[in-house]
Amino acid sequence: MPTNLYGPHDNFDLERSHVLAALMRKAHEAKQTGASEIVVWGSGNPRREFLHVDDLAAACLFLLQHYDQPEIINVGTGKDLTIRELAELVCEIIGFEGGLSWDRTKPDGTPARCSISQKIESLGWKPAIRLREGIAKTYEWFKAHHR
């Protein structure tokens, strides 16, 4: 069971995407247009965990070779951050220097979502792509493929 995923080929549609892809697109477009701020849904306080899709693929291959039990295995990093911290990180990587404003009329969702990935870690697997590196790689892909 993977945690929140991101990476190349993500859905960057502002109406249908998940938080990381939406933040990336908003920050990119704000940088391109010279906007002074981007609006982020909710308060920024909920905590989320993110896993790069390449790490999920590696975990799937690892489990095919090392696991043969009926129990579900969580696949994640075991590290979370607030949506505010995520938004600040995305803006830093993209180079958007404007501000963030919070639309508290939009829902926050669950206060915290972080997987317990101790079982896969006990088998010897850990994610290889750190969040900063993964966001930067995803942003490079986005720039190359976004119209």
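Of note:
- Residue in segment 104-113 that is farther than 28 Å from LEU61 by Cβ and without any contact (Cβ under 8 Å) to a residue 60 or more places away in the chain present: yes
- Pairs meeting the criteria (first residue in segment 6-32 and assigned to a helix (DSSP H, G or I), second residue open to solvent by less than 30 Å² (accessible area, probe 1.4 Å) and of a type in the set (D, E, K, R), beta carbons under 8 Å, at least 6 apart or on different chains) are VAL19/ARG48.
- Looking across LEU86, LEU61, one residue alone is part of a helix (DSSP H, G or I), open to solvent by 20 Å² or more (accessible area, probe 1.4 Å) and among the aliphatic types (A, V, I, L, M). It is LEU61.
- Of all residues in segment 93-107 being exposed (fewer than 14 other Cβ atoms within 10 Å of the Cβ) and not β-branched (Val, Ile, Thr), the one that is modelled with the lowest pLDDT: PRO107
- Looking only at segment 64-83, residues that are assigned to a helix (DSSP H, G or I) and open to solvent by less than 30 Å² (accessible area, probe 1.4 Å) come to 1 in all.
- Check on ILE120, touching a residue at least 24 places away in the same chain (Cβ under 8 Å), farther than 16 Å from ALA27 by Cα, surrounded by fewer than 11 Cβ atoms within 10 Å (Cβ to Cβ) and of a type in the set (A, V, I, L, M): no
- Considering segment 31-53, the residues that are open to solvent by 90 Å² or more (accessible area, probe 1.4 Å) and within 23 Å of LYS137 (Cβ to Cβ) include one that is nearest to the chain's Cα centre (by Cα), namely LYS31.
The values are calculated or read from the model by the stated rules, or taken from the named source; none is laboratory data. Worth saying up front: this structure is predicted, and the values here are computed from it rather than measured. Don't worry about glycine lacking a Cβ; one is built from the backbone with ideal geometry, like all the others, and counts go over all protein chains shown. Accessible surface areas use protein heavy atoms only, side chains included; no ligands, DNA or RNA. Shrake-Rupley method; radii C 1.70, N 1.55, O 1.52, S 1.80 Å.
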